[in-house]
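Below: one structure, written as C-alpha coordinates.
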(Lines give C-alpha, C1' and ligand atoms only; values in the text may rest on other atoms or scores of the structure.)
Protein backbone atom coordinates (compact mmCIF):
# COMPACT_ATOMS: atom_id res chain seq x y z
CA UNK A 1 0.00 0.00 0.00
CA UNK A 2 2.73 2.55 0.82
CA UNK A 3 4.31 1.76 -2.55
CA UNK A 4 1.00 2.36 -4.33
CA UNK A 5 0.49 5.66 -2.54
CA UNK A 6 4.00 6.80 -3.47
CA UNK A 7 3.46 5.86 -7.12
CA UNK A 8 0.20 7.77 -7.22
CA UNK A 9 1.91 10.79 -5.68
CA UNK A 10 4.66 10.64 -8.30
CA UNK A 11 2.07 10.44 -11.07
CA UNK A 12 0.21 13.44 -9.69
CA UNK A 13 3.43 15.42 -9.37
CA UNK A 14 4.33 14.61 -12.97
CA UNK A 15 0.90 15.65 -14.20
CA UNK A 16 1.09 18.96 -12.34
CA UNK A 17 4.56 19.58 -13.75
CA UNK A 18 3.27 19.08 -17.30
CA UNK A 19 0.41 21.49 -16.70
CA UNK A 20 2.77 24.11 -15.32
CA UNK A 21 5.00 23.84 -18.37
CA UNK A 22 2.03 24.30 -20.72
CA UNK A 23 0.96 27.43 -18.88
CA UNK A 24 -2.42 26.18 -17.70
CA UNK A 25 -3.79 28.66 -15.16
CA UNK A 26 -6.14 26.27 -13.39
CA UNK A 27 -3.31 25.31 -11.02
CA UNK A 28 -1.90 28.80 -10.71
CA UNK A 29 -2.68 30.93 -7.65
CA UNK A 30 -5.75 33.03 -8.46
CA UNK A 31 -4.75 36.56 -9.40
CA UNK A 32 -6.42 39.18 -7.22
CA UNK A 33 -8.68 41.69 -8.94
CA UNK A 34 -8.56 45.43 -8.22
CA UNK A 35 -12.31 45.81 -8.67
CA UNK A 36 -15.21 43.34 -8.87
CA UNK A 37 -18.75 43.84 -10.15
CA UNK A 38 -21.07 41.85 -7.89
CA UNK A 39 -23.95 41.91 -10.37
CA UNK A 40 -22.02 40.17 -13.12
CA UNK A 41 -19.26 38.51 -11.14
CA UNK A 42 -16.83 40.36 -13.40
CA UNK A 43 -13.29 41.18 -12.26
CA UNK A 44 -11.16 44.10 -13.35
CA UNK A 45 -7.52 45.03 -12.95
CA UNK A 46 -6.31 48.62 -12.86
CA UNK A 47 -4.05 49.58 -15.75
CA UNK A 48 -1.96 52.71 -15.33
CA UNK A 49 -1.98 54.93 -18.38
CA UNK A 50 1.14 55.61 -20.37
CA UNK A 51 2.71 56.03 -23.79
CA UNK A 52 3.69 53.24 -26.16
CA UNK A 53 4.44 52.44 -29.79
CA UNK A 54 1.34 51.08 -31.47
CA UNK A 55 1.44 48.87 -34.56
CA UNK A 56 4.18 46.89 -36.30
CA UNK A 57 5.96 46.48 -39.61
CA UNK A 58 4.44 43.04 -40.21
CA UNK A 59 1.37 44.04 -42.25
CA UNK A 60 0.24 47.20 -44.09
CA UNK A 61 -2.80 47.74 -41.85
CA UNK A 62 -0.51 47.74 -38.79
CA UNK A 63 1.53 50.65 -40.15
CA UNK A 64 2.84 53.18 -39.55
CA UNK A 65 4.06 52.46 -36.04
CA UNK A 66 3.06 55.52 -34.05
CA UNK A 67 3.17 56.90 -30.51
CA UNK A 68 -0.07 56.70 -28.54
CA UNK A 69 -0.87 57.91 -25.02
CA UNK A 70 -3.42 55.99 -22.97
CA UNK A 71 -5.34 57.18 -19.89
CA UNK A 72 -5.80 55.15 -16.71
CA UNK A 73 -8.52 52.52 -16.91
CA UNK A 74 -9.80 49.27 -15.43
CA UNK A 75 -9.62 46.28 -17.75
CA UNK A 76 -11.66 43.09 -17.59
CA UNK A 77 -9.27 40.36 -16.49
CA UNK A 78 -11.22 37.84 -18.57
CA UNK A 79 -13.31 37.80 -21.70
CA UNK A 80 -17.04 38.11 -20.94
CA UNK A 81 -18.40 34.64 -20.24
CA UNK A 82 -21.61 32.83 -21.08
CA UNK A 83 -22.59 32.92 -17.41
CA UNK A 84 -22.34 36.72 -17.41
CA UNK A 85 -24.10 37.18 -20.73
CA UNK A 86 -26.83 34.64 -19.93
CA UNK A 87 -27.61 36.58 -16.75
CA UNK A 88 -28.16 39.67 -18.90
CA UNK A 89 -30.44 37.77 -21.31
CA UNK A 90 -32.54 36.45 -18.42
CA UNK A 91 -32.96 39.99 -17.13
CA UNK A 92 -34.24 41.40 -20.43
CA UNK A 93 -35.50 38.37 -22.41
CA UNK A 94 -37.49 40.62 -24.74
CA UNK A 95 -34.25 42.16 -25.99
CA UNK A 96 -31.72 39.36 -25.69
CA UNK A 97 -31.76 35.74 -26.81
CA UNK A 98 -29.03 33.52 -25.30
CA UNK A 99 -26.52 32.75 -28.06
CA UNK A 100 -25.44 29.26 -29.07
CA UNK A 101 -22.43 27.71 -27.38
CA UNK A 102 -21.72 25.23 -30.19
CA UNK A 103 -22.24 22.49 -27.56
CA UNK A 104 -18.84 23.39 -26.11
CA UNK A 105 -20.28 24.43 -22.77
CA UNK A 106 -21.40 27.70 -21.22
CA UNK A 107 -20.58 28.91 -17.68
CA UNK A 108 -16.96 30.14 -17.78
CA UNK A 109 -16.45 29.76 -21.52
CA UNK A 110 -16.19 33.08 -23.38
CA UNK A 111 -19.50 34.06 -24.91
CA UNK A 112 -19.63 33.71 -28.71
CA UNK A 113 -22.13 34.56 -31.45
CA UNK A 114 -22.38 38.11 -30.10
CA UNK A 115 -22.25 41.00 -32.55
CA UNK A 116 -20.50 44.33 -32.02
CA UNK A 117 -23.91 45.94 -31.58
CA UNK A 118 -24.89 43.39 -28.93
CA UNK A 119 -21.58 43.72 -27.08
CA UNK A 120 -22.16 47.47 -26.83
CA UNK A 121 -25.73 46.91 -25.65
CA UNK A 122 -24.43 44.64 -22.89
CA UNK A 123 -21.94 47.30 -21.78
CA UNK A 124 -24.69 49.91 -21.70
CA UNK A 125 -26.95 47.62 -19.65
CA UNK A 126 -24.20 46.91 -17.13
CA UNK A 127 -23.48 50.65 -16.87
CA UNK A 128 -27.14 51.39 -16.18
CA UNK A 129 -27.38 48.68 -13.54
CA UNK A 130 -24.24 49.68 -11.63
CA UNK A 131 -23.79 53.41 -12.15
CA UNK A 132 -20.28 52.81 -13.50
CA UNK A 133 -19.14 53.40 -17.08
CA UNK A 134 -18.45 50.15 -18.92
CA UNK A 135 -17.62 49.94 -22.62
CA UNK A 136 -15.61 48.12 -25.22
CA UNK A 137 -11.95 49.15 -25.22
CA UNK A 138 -10.66 51.31 -28.01
CA UNK A 139 -8.25 49.62 -30.38
CA UNK A 140 -5.33 51.61 -28.94
CA UNK A 141 -6.31 50.68 -25.37
CA UNK A 142 -6.59 47.02 -26.33
CA UNK A 143 -3.11 46.83 -27.81
CA UNK A 144 -1.69 48.76 -24.85
CA UNK A 145 -2.97 46.32 -22.23
CA UNK A 146 -2.32 43.28 -24.44
CA UNK A 147 1.33 44.28 -24.81
CA UNK A 148 1.59 44.93 -21.06
CA UNK A 149 4.73 47.01 -21.44
CA UNK A 150 6.38 44.79 -24.06
CA UNK A 151 7.37 45.67 -27.62
CA UNK A 152 7.70 42.13 -29.00
CA UNK A 153 5.15 40.36 -31.26
CA UNK A 154 3.69 38.58 -28.22
CA UNK A 155 3.84 39.65 -24.60
CA UNK A 156 5.82 36.45 -24.03
CA UNK A 157 8.47 37.46 -26.56
CA UNK A 158 9.38 37.08 -30.22
CA UNK A 159 7.60 33.73 -30.43
CA UNK A 160 4.72 32.06 -28.63
CA UNK A 161 5.77 29.01 -26.57
CA UNK A 162 3.76 25.87 -27.31
CA UNK A 163 0.80 25.23 -25.06
CA UNK A 164 0.53 28.80 -23.77
CA UNK A 165 -2.59 29.90 -25.68
CA UNK A 166 -5.52 28.52 -27.65
CA UNK A 167 -5.18 29.07 -31.39
CA UNK A 168 -4.89 27.11 -34.63
CA UNK A 169 -1.31 26.03 -33.97
CA UNK A 170 -0.61 26.99 -30.35
CA UNK A 171 -0.20 23.44 -29.04
CA UNK A 172 -3.13 23.41 -26.60
CA UNK A 173 -5.85 20.78 -26.21
CA UNK A 174 -8.41 23.20 -27.67
CA UNK A 175 -6.46 24.23 -30.79
CA UNK A 176 -8.69 24.67 -33.86
CA UNK A 177 -11.45 22.79 -32.02
CA UNK A 178 -13.24 25.06 -29.56
CA UNK A 179 -12.92 27.87 -27.08
CA UNK A 180 -11.22 27.20 -23.73
CA UNK A 181 -12.61 28.21 -20.34
CA UNK A 182 -11.44 31.76 -19.61
CA UNK A 183 -8.22 31.88 -17.61
CA UNK A 184 -6.96 28.50 -18.81
CA UNK A 185 -3.52 30.01 -19.43
CA UNK A 186 -1.26 32.32 -17.49
CA UNK A 187 -2.14 36.03 -17.58
CA UNK A 188 0.13 38.65 -19.05
CA UNK A 189 2.30 40.78 -16.72
CA UNK A 190 -0.63 43.12 -16.08
CA UNK A 191 -2.85 40.24 -14.87
CA UNK A 192 -5.00 40.10 -18.02
CA UNK A 193 -5.92 36.70 -19.43
CA UNK A 194 -6.42 35.41 -22.98
CA UNK A 195 -5.16 38.37 -24.97
CA UNK A 196 -3.71 35.79 -27.38
CA UNK A 197 -6.24 33.48 -29.02
CA UNK A 198 -9.37 31.86 -27.54
CA UNK A 199 -11.85 34.38 -29.03
CA UNK A 200 -11.10 37.39 -31.18
CA UNK A 201 -12.37 40.44 -29.29
CA UNK A 202 -14.50 43.32 -30.53
CA UNK A 203 -13.18 46.84 -29.90
CA UNK A 204 -14.86 50.21 -30.46
CA UNK A 205 -13.08 51.31 -33.64
CA UNK A 206 -14.13 51.17 -37.24
CA UNK A 207 -11.59 49.39 -39.44
CA UNK A 208 -9.11 51.39 -41.49
CA UNK A 209 -6.57 50.09 -44.00
CA UNK A 210 -3.68 51.70 -42.10
CA UNK A 211 -2.85 54.05 -39.23
CA UNK A 212 -2.19 57.08 -41.42
CA UNK A 213 -4.80 59.21 -39.62
CA UNK A 214 -5.08 57.24 -36.38
CA UNK A 215 -5.71 59.13 -33.10
CA UNK A 216 -2.71 59.45 -30.81
CA UNK A 217 -4.65 60.04 -27.58
CA UNK A 218 -6.05 56.52 -27.16
CA UNK A 219 -9.50 57.44 -28.44
CA UNK A 220 -11.45 55.37 -30.96
CA UNK A 221 -11.56 56.05 -34.68
CA UNK A 222 -15.24 55.54 -35.49
CA UNK A 223 -16.99 56.05 -38.81
CA UNK A 224 -20.79 55.96 -38.81
CA UNK A 225 -20.69 55.16 -42.52
CA UNK A 226 -18.43 52.12 -42.15
CA UNK A 227 -19.97 48.98 -40.66
CA UNK A 228 -16.60 47.23 -40.43
CA UNK A 229 -15.51 47.02 -36.80
CA UNK A 230 -12.10 45.97 -35.54
CA UNK A 231 -11.45 42.67 -33.75
CA UNK A 232 -8.26 41.94 -31.84
CA UNK A 233 -6.21 39.08 -30.40
CA UNK A 234 -6.92 36.12 -32.66
CA UNK A 235 -9.01 33.09 -31.75
CA UNK A 236 -9.01 29.30 -31.37
CA UNK A 237 -9.05 28.97 -35.17
CA UNK A 238 -6.49 31.70 -35.96
CA UNK A 239 -2.83 30.95 -36.62
CA UNK A 240 -0.45 32.21 -33.94
CA UNK A 241 1.05 34.67 -36.44
CA UNK A 242 -2.37 36.30 -36.70
CA UNK A 243 -2.75 36.49 -32.91
CA UNK A 244 0.11 38.91 -32.21
CA UNK A 245 -0.38 41.98 -30.02
CA UNK A 246 -0.53 44.17 -33.14
CA UNK A 247 -2.71 41.84 -35.25
CA UNK A 248 -5.97 43.29 -36.59
CA UNK A 249 -9.09 41.77 -38.08
CA UNK A 250 -12.60 43.07 -38.75
CA UNK A 251 -16.18 42.04 -39.38
CA UNK A 252 -19.42 43.94 -39.88
CA UNK A 253 -21.01 45.27 -36.69
CA UNK A 254 -24.05 42.97 -36.95
CA UNK A 255 -22.03 39.81 -37.59
CA UNK A 256 -22.20 36.90 -35.13
CA UNK A 257 -19.57 34.16 -35.33
CA UNK A 258 -18.38 31.19 -33.30
CA UNK A 259 -14.89 32.63 -32.84
CA UNK A 260 -15.70 36.18 -31.68
CA UNK A 261 -16.42 37.53 -28.19
CA UNK A 262 -15.52 40.62 -26.22
CA UNK A 263 -13.95 42.10 -23.11
CA UNK A 264 -15.01 45.23 -21.24
CA UNK A 265 -13.13 48.12 -19.70
CA UNK A 266 -14.39 50.40 -16.95
CA UNK A 267 -13.57 54.08 -16.68
CA UNK A 268 -12.22 55.24 -13.28
CA UNK A 269 -14.61 57.31 -11.17
CA UNK A 270 -15.12 58.60 -7.65
CA UNK A 271 -16.71 55.24 -6.80
CA UNK A 272 -13.73 53.31 -8.19
CA UNK A 273 -10.64 54.88 -6.65
CA UNK A 274 -7.30 54.18 -8.26
CA UNK A 275 -5.35 51.57 -6.27
CA UNK A 276 -2.19 52.80 -4.53
CA UNK A 277 1.03 52.37 -6.46
CA UNK A 278 2.78 49.07 -5.73
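Side notes on the structure shown:
- Among the residues of region 216-227, those that are surrounded by fewer than 16 Cβ atoms within 10 Å (Cβ to Cβ) and either part of a strand (DSSP E or B) or in contact (Cβ under 8 Å) with a residue 40 or more places away in the chain (or both) comprise 216, 217.
- Restricting region 258-276 to residues that are out of contact with any strand residue (DSSP E or B) (no Cβ under 7 Å at 6 or more places or on another chain) and in contact (Cβ under 8 Å) with a residue 24 or more places away in the chain, the residue that is nearest to residue 113 (Cα to Cα): 258
- Top-ranked residue in region 158-175 [being under 16 Å from the mean Cα position of the chain (by Cα) and assigned to a loop (DSSP other than H, G, I, E, B); ranked as surrounded by the fewest Cβ atoms within 10 Å (Cβ to Cβ)]: 164
- Leading residue by the ranking (surrounded by the fewest Cβ atoms within 10 Å (Cβ to Cβ)) among those in region 195-207 that are in contact with a strand residue (DSSP E or B) (Cβ under 7 Å, 6 or more places away or on another chain) and part of a loop (DSSP other than H, G, I, E, B): 207
- Helices (runs of 4 or more DSSP H) (entirely within region 43-157) containing at least 1 residues that are farther than 24 Å from residue 250 by Cβ and in contact with a helix residue (DSSP H, G or I) (Cβ under 7 Å, 6 or more places away or on another chain): 82-91, 116-130
- Residue within region 8-27 that is under 19 Å from the mean Cα position of the chain (by Cα), buried (at least 17 other Cβ atoms within 10 Å of the Cβ), modelled with pLDDT under 95 and in a helix (DSSP H, G or I) present: yes
- Pairs, first within 23 Å of residue 190 (Cβ to Cβ) in region 49-66, second in a helix (DSSP H, G or I), C-beta under 6 Å, six or more apart: 52/144; 54/140; 54/143; 55/62; 56/62
- Odd one out for residue 68, checked against (1) surrounded by fewer than 22 Cβ atoms within 10 Å (Cβ to Cβ); (2) over 19 Å from the mean Cα position of the chain (by Cα): (1)
- Of all residues in region 228-247, those that are crowded, with 23+ Cβ neighbours inside 10 Å and either at positive phi or not in a loop (DSSP other than H, G, I, E, B) (or both) total 7.
- Residue in region 107-123 that is under 17 Å from residue 190 (Cα atoms) and buried (at least 17 other Cβ atoms within 10 Å of the Cβ) present: no
Results for (1) in contact (Cβ under 8 Å) with a residue 60 or more places away in the chain; (2) crowded, with 18+ Cβ neighbours inside 10 Å; (3) over 14 Å from residue 262 (Cα atoms), shown as yes or no for each residue.
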site: 90; (1), (2), (3): no, no, yes
site: 127; (1), (2), (3): no, no, yes
site: 135; (1), (2), (3): yes, yes, no
site: 139; (1), (2), (3): yes, yes, no
site: 147; (1), (2), (3): yes, yes, yes
site: 154; (1), (2), (3): yes, yes, yes
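The values are calculated or read from the model by the stated rules, or taken from the named source; none is laboratory data. Fair warning: this is a prediction, and the values are worked out from it, not measured in the lab. When we count neighbours, we look across all protein chains shown, and the Cβ atoms used for this are built from the backbone with ideal geometry, even at glycine.
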